[in-house]
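**Q** Before I ask anything, here is the structure I am working with.
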Amino acid sequence: MTRLRALVALAALVVASGLVAVIPSTAASAAACSASWQASAVYWGGGQVSHNGRNYQAKWWTQNEAPPGTTGVWEDLGACGGGTTPPPTGGACNHPNWVAGTWYTAGAIVRYTNGLYYVAEHDNPGYDPIVSTWYWEPYTCGGQPPTSPPPTNPGGFVVTEAQFNQMFPGRNSFYTYSGLVAALSAYSAFARTGSATVQRQEAAAFLANVYHETGGLVHVVEQNTANYPHYCDYGQPYGCPAGQAAYYGRGPIQLSWNFNYNAAGIALNLPLLTNPWLVQTDAAVAWKTGIWYWMTQNGPGSMTAHNAMVGGAGFGETIRSINGSIECNGGNPAQVQSRVTRYQQFVGILGVPAGANLYC
């Protein structure tokens, strides 16, 4: 019995000694600092920097916002310096393929169609990992290199074509992304005013209202043909040269009435009063009329939708500028909620917060 106890004690001592020897070798050393943050540099989702002795990772596109920032774009990775960052351990890359429309919780890892892996930073209903960079970030699996930053957007628009396609998966082929980008030249301040966050919020607000007005960019013209003759106001000095029933709703914000076609035509230098059909046959013209209304018309509200977004009045005021008392002040809360829900989805795709004052 004495010898047995001695053997047990010796074994315990060996185990304990092994643990003491292992712990120092596996203790996490301080992470090395990433490249220092630069105000003029553009950082995409997944990009890492160091600032004031700490490492940070961008959740989405950012510029000029020093970590830790105020918009939530920077994820704090902890203190850095005094050591080296251990390489990723990798492991078996047997994560499931990403499936659009499948609900993913934060932490879920998927294999995208490009063969690369992504981890969900936030719960999401199956958003595209290379489009919705606020919801997903590249994941290193088995030594796999991180993804490259997305290409620069054509025309400097804050919504990429991939994001546009995600917003409007069932859109009418008439509403092209190229037509939208071409229409941006009509109003240089549209989605280019204020901070990067405000610019994305305005683009999301415009497209959310457009979605609501057209059933997801499905309808190019007003569906109720019985209304067509009602949009001619003969009280205007120029009358209705294209015909009484020619000024029905068309385009992404459903431009209607002869006086609106006249005003838009003058502003855009287009013959819309005499040829309103341009709005349903030329995608760039259609988008221009939508942006014209957004940028210049108060509608039934007290400000333009553009000023509402860049001035901080909030998304709710854009609804008022488009449909006023028909929806606001309890007029039709279900319609208001539909617009708000779509706006919240779109700012999520663009990786920015929705802001305050969502309702009217």
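**Q** Please give the contour-minus-distance gain from ALA79 to ARG192: 0.36 nm per residue of separation, less the Cα-Cα distance, rounded to one decimal in nm.
**A** Length gained between ALA79 and ARG192: 37.1 nm.
**Q** Which residues does a label at SER325 reach in region 293-311, if reach means a backbone N under 11 Å from a point 7 Å past the Cα toward the Cβ?
**A** Nothing falls inside the zone, counting backbone N under 11 Å.
**Q** Rounded, prolate or oblate: which one fits region 254-360, using the alpha carbon gyration tensor with axes a ≥ b ≥ c (rounded when a/c is under 1.5, else prolate when a/b beats b/c, else oblate)?
**A** prolate
**Q** Modelling each spin label as a point 7 Å along the Cα-to-Cβ direction, I'd like the GLN335/ASP123 distance in nm, to one decimal.
**A** So the label points at GLN335 and ASP123 sit 3.2 nm apart.
**Q** What ranking of TRP37, TRP287 comes out by heavy-atom accessible area, probe 1.4 Å, highest first?
**A** Per-residue accessible area, sorted high to low, gives TRP37, TRP287.
**Q** Something else now. What is the calculated FRET efficiency for GLN223 to ALA356, with r their C-beta to C-beta distance and R₀ = 45 Å, to the nearest 0.05?
**A** Working: r = 34 Å, r/R0 = 0.76.
With a Förster radius of 45 Å, E is 0.85.
**Q** Across region 351-360, in residue order, what do the Karplus-derived ³J(HN,Hα) couplings come to in whole Hz, using 6.51 cos²θ - 1.76 cosθ + 1.60 with θ = phi - 60° and x for Gly and Pro?
**A** Working through the residues one at a time gives x, 10, x, 6, x, 9, 6, 7, 10, 10 Hz.
**Q** So if we plug the beta-carbon distance of TRP103 and SER173 into 1/(1 + (r/R0)^6) with R0 = 35 Å, what FRET efficiency do we get, rounded to 0.05?
**A** Result of the calculation: an efficiency of 0.75.
The values are calculated or read from the model by the stated rules, or taken from the named source; none is laboratory data. Just so we're clear, the structure is a prediction, and the values are computed from it rather than from any experiment. When we count neighbours, we look across all protein chains shown, and the Cβ atoms used for this are built from the backbone with ideal geometry, even at glycine. Surface accessibility is based on the protein's heavy atoms, side chains included, excluding ligands, DNA and RNA. Shrake-Rupley method; radii C 1.70, N 1.55, O 1.52, S 1.80 Å.
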